[in-house]
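Rule-based calculations on the coordinates, nothing more; no lab input. Quick caveat: nothing in here was measured; it's all calculated off a predicted structure. Ideal geometry is used to build each Cβ from the backbone, glycine not excepted, and the neighbour counts take in all protein chains shown.
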Amino acid sequence: MNVLVVGSGGREHALAWKLRQSPRTDKLLIAPGNPGTATLGQNVAVAADDVGGLVAVAQEARVDLVVIGPEAALEAGLADALATVGIRCFGPTKAAARIESSKVWSKQLMQRVGIPTARFRSFGDGAAAHAFLRSEPWEQWRVIKLDGLAAGKGVVVAQSAEELHAAIDSFGSTGMPLILEEPLSGEELSLLALCDGVKAVPLLPAQDHKRLLDGDQGPNTGGMGAYAPLPQVDETLVGSLQGRIFEPVLRALAAEGTPLVGVLYAGLMLTPTGVQVLEFNARFGDPETQALLPLLDGDLLEIMLACVEGRLQADMVRWYAGAALGVVLAAAGYPEAPRKGDRIDLPAAVGDGLIFQGGTALAGEGLVTAGGRVLTVVGQAPTLAEAAERAYALAQQVAFAGKQMRSDIGQRGLTVEHH
Ligand code: AMP
Ligand code: GLY
């Protein structure tokens, strides 16, 4: 089978790595890919949101399955365009992907089907939001979200009325609708489920680290590291979410004539009063995927085919024992203005670790930085503590000027594992 992976980050390198292991994978194409994916298959210089270009590549190369990484490709309607030419796609249609691309639509759906989520109000513009707050205590509505895709920059949890009003002005200036939401607190986790339109099979729970600096300080990023599974989260609770969260959403989407095939990713918070859904995404997470796929004991291509053919079974998704932990190495200036062109020195041998490339490029013989999240270094081991040790030992051996990384990835899980 010929497979095309769309995207160019660490997530797509991990997807290509796992798909390459399938005995059924013949030709593996990655568009546009990165120097890491080029070691596994053939990179094609077409952008992830160039729908016409990607369809042409898939037709020419007789691709049997397209696997979509980034949300931009979903929003551009790649899955829809592939369907019209009869090419199978792991990744939802533009309509089903609204669960991620419109937070207002997504919140309304959650409300309609009874999924626990923070109380909210939606507004057509900033003026309406300011007006609402005149008769409401700001503290109770201090989470502001932009309706559309914003690459991780669409949410502010304001610490003061001034900050809230400033965020309303800044979000309002985009012209997009916005949401004010009640603040919640608790342990956050990412639970991704594989979906065949009707059934959802959750992966192991994972945890991202969104802030740039140790101790969850500094600006928000796309994610600075992730690990799985989570010793601090009860397995039976996670199991119960299949019926409480994922399947009601799949039923609602199918009832609207837009079934979701691909990944439904729930950003969850374990609050003192129970699980709440912060958001849904319609794709694999980055960097969660780099920690999850090494733990998957199974043939990812077979599993994805089962999803697109509507015959997914829970027993197709098995896991190796132990834990995996990924540390993101980011470029100087990330997330504001990542610097490009710094030479990267990789260790000659990675031992039993893995290095997934993201924002990298070839310059002459060598590798240079070419984006914000440059690499994800993953350690896998029987315990989370050993996985962290392995990941950090390998991360120390990667050198480039201005390298940024957090030193506390996995801390919340490690605290529990040690007790
Ligand atoms: P989202 O893109 O909706 O997942 O939001 C990004 C981040 O903002 C989340 O990972 C949370 O840390 C935070 N967040 C979102 N919604 C809330 C909320 N209602 N209360 C507190 N924090 C939130
Ligand atoms: N790691 C967060 C995301 O992929 O949205």
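For the chain, what is the charge dipole size about the Cα centre, in debye to the nearest 20, if Lys and Arg each add +1 at the Cβ and Asp and Glu each add -1 at the Cβ?
Values: 34 positive and 46 negative charges, 91 e Å.
About 440 debye.
Can you give the percent of C-alpha pairs in the stretch 120-163 whose distance is more than 11 Å? Can you show the working numbers first?
Values: 652 of 946 pairs.
The calculated P(r) of the stretch 120-163 puts 69 percent of pairs beyond 11 Å.
Using only DSSP helix segments of four residues or longer, with each worth -39500 (n - 2.57), what per-residue ellipticity at 222 nm results for the chain after dividing by its residue count and rounding to 500?
Details: 14 runs with 118 residues, N = 419.
Mean residue ellipticity, 222 nm, calculated: -7500 deg cm²/dmol.
Once each part is reduced to its C-alpha centroid, what is the distance from the stretch 260-291 to the stretch 381-404 in angstrom?
Using only Cα atoms to place each centre, the spacing works out to 25 Å.
Express in whole angstrom the spacing between the alpha-carbon centres of the stretch 93-167 and the stretch 30-62.
Going from one Cα centre to the other spans 35 Å.
Given N residues in the stretch 176-307, what is Rg(Cα) / (2.2 N^0.38 Å)?
On the way: Rg = 15.3 Å, N = 132, 2.2 N^0.38 = 14.1 Å.
Cα Rg divided by the expected 2.2 N^0.38 Å: 1.09.
A 24 angstrom limit on the alpha carbon distance is what I want to check against. Which of LYS94/LYS199; LYS94/LYS153; LYS18/LYS145 exceed it? Let's see the in-between values first.
Values: LYS94/LYS199 20 Å; LYS94/LYS153 21 Å; LYS18/LYS145 34 Å.
Correct reply: LYS18/LYS145.
Relative to the present Cα-Cα distance, how much length would full extension add between HIS130 and SER185 at 0.36 nm per residue of separation? Don't jump to the answer; show the numbers that get you there.
Working: separation 55, 0.36 × 55 = 19.80 nm, distance 2.44 nm.
Full extension of this stretch gives 17.4 nm more.
Could you derive backbone 3J(HN,Hα) for the stretch 319-330 from the dihedral phi with the Karplus parameters 6.51, -1.76 and 1.60 (θ = phi - 60°), listing whole Hz in sequence and x where the residue is Gly or Pro?
Once θ is set to phi - 60°, the couplings for the stretch 319-330 become 10, 6, 5, x, 9, 9, 9, x, 10, 7, 9, 9 Hz.
Can you tell me the equivalent ellipsoid semi-axes for the chain? Use √(5λ) from the Cα gyration tensor, largest first, whole Å. Write out the running numbers ahead of the final one.
Values: eigenvalues 192, 135, 101 Å².
After diagonalising the Cα gyration tensor, the semi-axes are 31, 26, 22 Å.
Order of 3-13, 368-378, 179-189 by packing, highest average Cβ count within 10 Å first? Let's see the in-between values first.
Working: 3-13: 29.2, 368-378: 26.4, 179-189: 17.4.
With the highest mean Cβ count within 10 Å placed first, the list reads 3-13, 368-378, 179-189.
Across 10 Å bins from the origin, how do the percents of Cα pairs in the stretch 334-419 run, short distances first?
Result, from short to long distances: 17, 44, 28, 10, 1 percent.
When the convex hull of the Cα atoms of the stretch 27-175 is projected onto a plane and the area is averaged over all directions, what value comes out in nm²? Could you put the intermediate results ahead of the total?
Working: hull surface 46.1 nm².
Reported value for the Cα convex hull: 11.5 nm².
Work from the charge dipole of the chain (Cβ charges, +1 for Lys and Arg, -1 for Asp and Glu, about the Cα centre) and give the residue of PHE356, MET316, LEU213 farthest towards its positive end.
Going by the Cα projections, it comes out as MET316.
Is there a quick way to get the dipole size of the stretch 69-114? I mean about its Cα centre, with the Cβ of Lys and Arg at +1 and of Asp and Glu at -1; what is the value in debye to the nearest 20?
Numbers: 6 positive and 4 negative charges, 42 e Å.
My answer is approximately 200 debye.
For the stretch 355-368, just list the computed ³J(HN,Hα) in residue order, Karplus coefficients 6.51, -1.76 and 1.60, θ = phi - 60°, integers in Hz, with x standing in for Gly and Pro.
So the Karplus estimates, Gly and Pro as x, are 10, 9, 8, x, x, 10, 8, 8, 10, x, 7, x, 9, 10 Hz.
5 Å is the cut-off here: which amide hydrogens, built 1.01 Å from N in the peptide plane, fall below it relative to ILE30, excluding neighbours closer than 5 in sequence?
VAL5, GLN42, ASN43, VAL44
With a ≥ b ≥ c taken as the square roots of the eigenvalues of the C-alpha gyration tensor of the stretch 271-328, please select rounded if a/c is under 1.5 and otherwise prolate if a/b is larger than b/c or oblate if it is not? Each step should come with its number before you reach the end.
Details: a/c = 1.75, a/b = 1.28, b/c = 1.37.
Cα axes put the stretch 271-328 in the oblate bin.
Give the whole-number value, in cubic angstrom per residue, of the convex hull volume spanned by the C-alpha atoms of the stretch 193-242.
Numbers: hull volume 4.9 nm³, N = 50.
Per residue, the Cα convex hull of the stretch 193-242 comes to 98 Å³.
Taking H placed 1.01 Å from N in the peptide plane, check which residues at least 5 places from ALA363 or on another chain put their amide H under 5 Å from its amide H.
Here VAL368 satisfy the definition.
If the viscosity is 1.567 mPa s and the temperature 4 °C, what translational diffusion coefficient in µm²/s does Stokes-Einstein give for the stretch 12-58 when Rh comes from Kirkwood over Cα pairs? Please list the in-between numbers first.
Values: Rh = 10.9 Å.
It diffuses with D of about 119 µm²/s by this estimate.
So for the chain: antiparallel DSSP bridges make up what percent, rounded to the nearest 5? All intermediate terms of the calculation are to be shown ahead of the outcome.
Numbers: 61 of 76 bridges.
DSSP beta bridges in the chain are roughly 80 percent antiparallel.
Provide, in order from the shortest bin, the percent of all Cα-Cα pairs of the stretch 52-111 in each 10 Å bin, continuing until the bin that contains the maximum pair distance.
Result, from short to long distances: 23, 48, 21, 8, 1 percent.
Short version: ³J(HN,Hα) in whole Hz for each residue of the stretch 11-24, in order, from phi by Karplus 6.51 cos²θ - 1.76 cosθ + 1.60 (θ = phi - 60°), x for Gly and Pro, what are they?
3J(HN,Hα) across the stretch 11-24, in whole Hz: 4, 6, 4, 5, 4, 5, 4, 6, 5, 4, 6, 6, x, 8.
Give the shape of the stretch 231-312 as rounded, prolate or oblate, defined through the alpha-carbon gyration tensor: a ≥ b ≥ c are the square roots of its eigenvalues, a/c under 1.5 means rounded, and otherwise the shape is prolate if a/b is larger than b/c and oblate if not. Could you put the intermediate results ahead of the total?
Numbers: a/c = 1.84, a/b = 1.15, b/c = 1.61.
In terms of gyration-tensor shape, oblate.
Amide H to amide H under 5 Å from LEU260: which residues, 5+ apart in sequence or cross-chain, H placed 1.01 Å off N in plane?
GLY197, ALA254
Determine the principal axes of the Cα atoms in the stretch 139-237, then give the extent along each, sorted from largest to smallest and rounded to whole angstroms.
Result for the stretch 139-237: principal-axis Cα extents of 41, 36, 24 Å.
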